[in-house]
Amino acid sequence: MGWQLIRFWTLLVYLFMFLPVAVVVLLSFNASQFGSFPMTGFSIRWFVELAQNEAILRAFRTSMILGALTALISTTLGVLASLALVRYRVPGSNLISTLLIAPILVPEVVLAVALLLFLNFMSINKSFALLLFGHVIFTLPFVVLVVQARLVAIRRDIEEAALSLGASPVQTFFEVTLPLMLPAVLAGGLFAFTISFDDITGTLFWKPGGVETVPTQIFAMLRNSISPEINALGTVMIVLTVGLPLLGAAIARQLARKSGG
Amino acid sequence: MSSVILTDIEKHFGDFTAVYKTSLEIPDGSFVTLLGPSGCGKTTTLRMVAGLLDPSKGEIRIKDRRVNDVPIHKRNLGLVFQNYALFPHKTIAENVAFGLKYRGVAKEDARKRVQDALELVQLPSVGDRYPKQLSGGQQQRIALARAIVIEPDVLLLDEPLSALDANLREDMRVELKRIQERIGVTTIFVTHDQSEALAMSDRIVVMSAGRVEQVGPPEEVYNTPASEFVANFLGASNIMDATVLGREGDDLMLDVDVFGRVAVPGRKAADVASEGPAKMVLRAEKLLLTNRDEPADGTVAVDGTVEAVDYQGQAVRYFVRAGDRQLQAINMIDEHPFDEGAPVSLRLRPRDCAALPAT
């Protein structure tokens, strides 16, 4: 009896979490003019229309470039920071570590406003570069956390063995350390990409005039009307933000298996 | 000629002195063991030779070249670690070939040398596998192959057998010694295990608290310990207070606690003055327990009582009370061991004893 109840309750929780998502995906294939039930037939016209909407395509391109650059910069900085913190005795490394993680703990709005006020104070105008800078700040902690955890698990004596065999420190990094932490580096990069791709709060504060990312574009479109195109866009975003990490995990597992896993 | 010469090297970590003023010469082709308890500075010394730590003071020379400022990857050393430290993402063949890549060895030649090395460690057909597919003992053989394939000037072994289980450890001990003798590479071996040190070394360097206590061949270190620490660390010893009575011919006459007059051979009492207080060292396995009615012939005998019996199969370890002293004796078992509380006679032969200056 008790288990029955728990099972039912669990089902309700999952329904509550995923039903809205399912509805969005379902309605994106609705033929009707209005993005609501009852459905009148199956159609991919909203996806076609989406693909022809200049504003959305531009926003999509911006988001992709922003996400990719964020991932690239965050991962590079994150790997270097992790190496410094884990492998070298840096004075105040605990403090640095905490500061690097801090953006996760500070509410995003606060961070967004703070950066904006700071830019104002410095009389710097908003630009794409600054938007990118903002995204790097709050994706960096995720990369650092993931990469650091992996790096701690890579035994130092493996690197020492490579050094003793004649590999220089740089060669050791590329031959031994990097391949061993590659799964974590890729995971960190994917994290950074999806977080950047999804982000709306910070982006709304930081984006210069005329630049829209996918989330801000949806936000803008919702202010006028609820078009079924938004459902289609929602479906695309779900596929991207859920599918990419899954793909990444699959690749990581494949890599791990190759090295005798 | 010496392969490795350490001159007055010291290592400080902040206020802590890990290695204090150590000088050592390691002859070409010899197998030298740094032996001591954890924290004695043996691994620190090895890591300084390897170039993984910089000495705070002193000079390190390898093959007549001062290497203090030479980084590890330019020292041409073979290094084997306790936990194998194979590259998990590379095959066994790639692991062994790793060092050859940085020495400009042509591909075909490298392949042959890798195969020779794998044959030397008796694992000729595992080249395509990954480290995780091998057992611990096999992984350690591969680590050894990887270290010797580059023909290092010195082979450095940091507790390479400690992660293996007991039976395998003894096999590997023999194997390691065989390979070392075959290729004749100068080897520095670090261990806390006295039986490994005694079995494998040409010379043992006993270290304690950052200082070298004694350097010598295994037999000498075992039979003529230079200090109380060495006597206690290598096997079990009875160390007794004594007073020097004088010299008689080659012998040093001692008046020893419990046992009375003992004539210790002069060569085993080299550092002791001709009068005053001293210590007498007697190995636990040289103290023999017998029934009280057996004749003493040529031995020094006192009566004692067995207090505890530690049965070990082919041998037995007794804790015996004699006077106000508790002594240890490790004896082979002849029929039955003595029981607890048994009255026994303790026998020692003077030539088995050594004397140390009183501290």
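The values are calculated or read from the model by the stated rules, or taken from the named source; none is laboratory data. Model, not experiment: these values are computed from the prediction. Every residue, glycine among them, receives a Cβ derived from its backbone with ideal geometry; neighbour counts consider all protein chains shown.
Some notes on this structure:
- Note on segment B:1-46: residues that are within 24 Å of A:I158 (Cβ to Cβ) and touching a residue at least 24 places away in the same chain (Cβ under 8 Å) total 9.
- Among the candidates B:R169, B:R129, residue that is out of contact with any Lys or Arg (no Cβ under 8 Å at 6 or more places or on another chain), within 13 Å of chain A (Cβ to nearest Cβ) and surrounded by fewer than 20 Cβ atoms within 10 Å (Cβ to Cβ): B:R129
- Yes/no for B:E94 being touching a strand residue (DSSP E or B) at 6+ places or on another chain (Cβ under 9 Å) and modelled with pLDDT of 90 or more: no
- On the stretch given as segment B:10-40, residues that are closer than 15 Å to B:L157 by Cα and of a type outside the set (A, V, I, L, M) total 5.
- Residue list for segment B:1-48, restricted to those being buried (at least 22 other Cβ atoms within 10 Å of the Cβ), part of a strand (DSSP E or B) and of a type outside the set (A, V, I, L, M, F, W, C): B:K11, B:T22, B:T33
- Residues in segment B:147-171 that are over 19 Å from A:D157 (Cβ atoms) and outside any helix (DSSP H, G or I): B:E151, B:D153, B:D165.
- Residue among B:L123, B:L118, B:L155, B:L164 that is more than 10 Å from chain A (Cβ to nearest Cβ) and closer than 27 Å to B:I5 by Cβ: B:L155
- Subset of segment A:95-127 [surrounded by 13 or more Cβ atoms within 10 Å (Cβ to Cβ), within 27 Å of A:R58 (Cβ to Cβ) and without any contact (Cβ under 8 Å) to a residue 40 or more places away in the chain]: A:L119
- Segment B:65-117, residues that are touching a residue at least 60 places away in the same chain (Cβ under 8 Å), part of a loop (DSSP other than H, G, I, E, B) and either not polar (S, T, N, Q) or not assigned by TED's automatic domain parsing to the domain that holds B:G184 (or both): B:R75, B:F81, B:Y84, B:L86
- Members of segment A:128-158 found to be in contact (Cβ under 8 Å) with a residue 24 or more places away in the chain, within 14 Å of chain B (Cβ to nearest Cβ) and assigned to a helix (DSSP H, G or I), listed by number: A:R150, A:R156
- Residue that is surrounded by the fewest Cβ atoms within 10 Å (Cβ to Cβ), among those in segment A:193-244 that are under 24 Å from A:G78 (Cβ atoms) and charged (D, E, K, R): A:D198
- Scan of segment A:76-94 for residues that are more than 20 Å from the chain's Cα centre (by Cα) and in contact (Cβ under 8 Å) with a residue 24 or more places away in the chain, ordered by number: A:L83, A:L85, A:V86, A:R87
- The set of residues from segment B:132-147 being away from chain A (no Cβ under 11 Å), crowded, with 20+ Cβ neighbours inside 10 Å and not small (G, A, S) comprises B:Q139, B:Q140, B:R141, B:I142, B:L144.
- Every condition in (1) within 29 Å of B:Q194 (Cα to Cα); (2) not in a loop (DSSP other than H, G, I, E, B) is met by B:M253 except one, and the failing one is (1).
- Among residues of segment B:286-317, those that are surrounded by 13 or more Cβ atoms within 10 Å (Cβ to Cβ) and in contact with a helix residue (DSSP H, G or I) (Cβ under 9 Å, 6 or more places away or on another chain), counted: 6
- Residue that is farthest from B:H192 (Cα to Cα) [pool: residues in segment B:76-102 that are facing chain A (nearest Cβ under 7 Å) and of a type in the set (A, V, I, L, M)]: B:L77
- Some residue of segment B:194-210 being without any contact (Cβ under 8 Å) to a residue 40 or more places away in the chain and not assigned by TED's automatic domain parsing to the domain that holds B:D8: no
- Conditions (1) among the aliphatic types (A, V, I, L, M); (2) away from chain B (no Cβ under 14 Å); (3) buried (at least 19 other Cβ atoms within 10 Å of the Cβ); number of the one not met by A:L180: (2)
- In segment B:49-64, the residue that is nearest to B:K11 (Cα to Cα) out of those that are within 14 Å of chain A (Cβ to nearest Cβ) and not in a loop (DSSP other than H, G, I, E, B) is B:V49.
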